């Protein structure tokens, strides 16, 4: 059986979650909502953690976006992990 090196590891960037809160149709306005949330299965949580760990090694800032209005055929919702490379540092 051939050996594999760590360089052969690939992480699937297609993240999914079971639900994004607040749900569509909530009675409160965006200004009234203090939190957002993702409901993940165990496998989804492990996948999400692996992606975050991998990108955190190279990126200074990480943006996580959940698309609560884009329910997929399998009743999951997409999540993206991105970074705005070269974004200027906020002034203090």
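The values are calculated or read from the model by the stated rules, or taken from the named source; none is laboratory data. This one's a predicted model, so the numbers in the text were calculated from it and none came from an experiment. Here the Cβ is made from the backbone with ideal geometry for all residues, glycine too, and neighbour counts use every protein chain on show.
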Report task. Name the single residue, out of those in the range 41-69 being in a strand (DSSP E or B) and without any contact (Cβ under 8 Å) to a residue 24 or more places away in the chain, that is surrounded by the most Cβ atoms within 10 Å (Cβ to Cβ). Result -> 64
Query raised in the report: Counting only residues that are surrounded by 10 or more Cβ atoms within 10 Å (Cβ to Cβ) and more than 17 Å from residue 82 (Cα to Cα), which one in the range 1-23 is farthest from the chain's Cα centre (by Cα)?
Result: 22
Query raised in the report: Somewhere in the range 38-61, is a residue farther than 22 Å from residue 11 by Cβ, out of contact with any strand residue (DSSP E or B) (no Cβ under 6 Å at 6 or more places or on another chain) and at pLDDT 85 or above?
Result: no
Query raised in the report: In the set 26, 35, which member is at pLDDT below 90, in a loop (DSSP other than H, G, I, E, B) and surrounded by 10 or more Cβ atoms within 10 Å (Cβ to Cβ)?
Result: 26
Query - Residues of the range 62-85 classified as within 16 Å of residue 12 (Cα to Cα) and out of contact with any strand residue (DSSP E or B) (no Cβ under 8 Å at 6 or more places or on another chain), total - result: 0
